[in-house]
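Chemist: This is the structure I want to talk about, given as structure tokens.
The values are calculated or read from the model by the stated rules, or taken from the named source; none is laboratory data. Given the structure is predicted, the values throughout are model-derived calculations rather than measurements. FYI the Cβ positions are ideal-geometry reconstructions off the backbone, even for glycines, and counts take in every protein chain you see. What goes into the accessible areas is simple: the full protein's heavy atoms, side chains included, and nothing from ligands, DNA or RNA. Shrake-Rupley method; radii C 1.70, N 1.55, O 1.52, S 1.80 Å.
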Amino acid sequence: MTRLALVLHAHLPYVRDDEQGERWLYEALWECYLPLVRLMRQLPLTLSVSPTLAAMLRDEVMAARFIAYLDELAARLDEEPGPTAACEYYAEALAAARADYLRLGDLLSALRALHED
């Protein structure tokens, strides 16, 4: 039997109060980390999280800003002239990311729970 080990290392520099840097974190959250949490419920993966990333995932200010970031992206989609397949796709993806994030509360705790399972 052939086995494959896919080991992911999740790290970003500390970016609090750096508008561009925080945007990188928020993009990583909704485009990478939240989908990984969904995937990890079905497929065993190894994900290491740096202390810097762990601190940012637990930061309540950045958590609130992340929700505001998702809401801002969704509002921009609403401003687009007429529905397109891309707009519909991103609207659904943003809504799913927002719902998942609010349901999970703390992404680091969700990762820990997956590890314990």
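Chemist: Probe radius 1.4 Å, ligands and nucleic acids ignored: give me the carbon and sulfur share of the accessible area of the chain as a rounded percent. Please report the intermediate quantities before stating the final value.
Modeler: Numbers: 4300 of 7710 Å².
The C+S portion of the solvent-accessible surface of the chain is 56 percent.
Chemist: Identify which of the listed values of percent of Cα pairs over 16 Å apart was calculated from the structure shown: (i) 77; (ii) 63; (iii) 56.
Modeler: Computing percent of Cα pairs over 16 Å apart and matching it to (i) 77; (ii) 63; (iii) 56 gives (ii).
Chemist: In addition: Accessible area per residue, 1.4 Å probe, Å², for the chain: what's the number?
Modeler: 66
Chemist: If each DSSP helix of 4+ residues adds -39,500 (n - 2.57) and the sum is divided by the residues in the chain, what number results at 222 nm, nearest 500 deg cm²/dmol?
Modeler: -20000 deg cm²/dmol
Chemist: Oh, and also: For residue 15, what is the net charge nearby, where nearby means another residue's Cβ is under 15 Å from its Cβ and Lys, Arg count +1, Asp, Glu -1?
Modeler: Once all neighbours under 15 Å are counted, the net charge is -2.
Chemist: Further question: List the residues of segment 22-39 whose backbone N lies under 11 Å from a point placed 7 Å from the Cα of residue 68 along the Cα-to-Cβ direction.
Modeler: Label zone hits: none.
Chemist: Efficiency by 1/(1 + (r/R0)^6): what FRET value for residue 1 and residue 86, r their Cβ-Cβ distance, R0 = 25 Å, to the nearest 0.05?
Modeler: 0.05
Chemist: Checking the a/c ratio against 1.5 first, then a/b against b/c, what shape does the Cα gyration tensor give for segment 45-85?
Modeler: oblate
Chemist: So, one more: Using Cα atoms only, what is the angle between the long axis of helix 85-104 and the major principal axis of the chain, expressed in degrees (0 to 90) to the nearest 10?
Modeler: The answer is roughly 50 degrees.
Chemist: Pop a pseudo-label 7 angstrom from the Cα along the beta-carbon direction at both residue 103 and residue 117 and give the gap in nm to one decimal.
Modeler: 1.1
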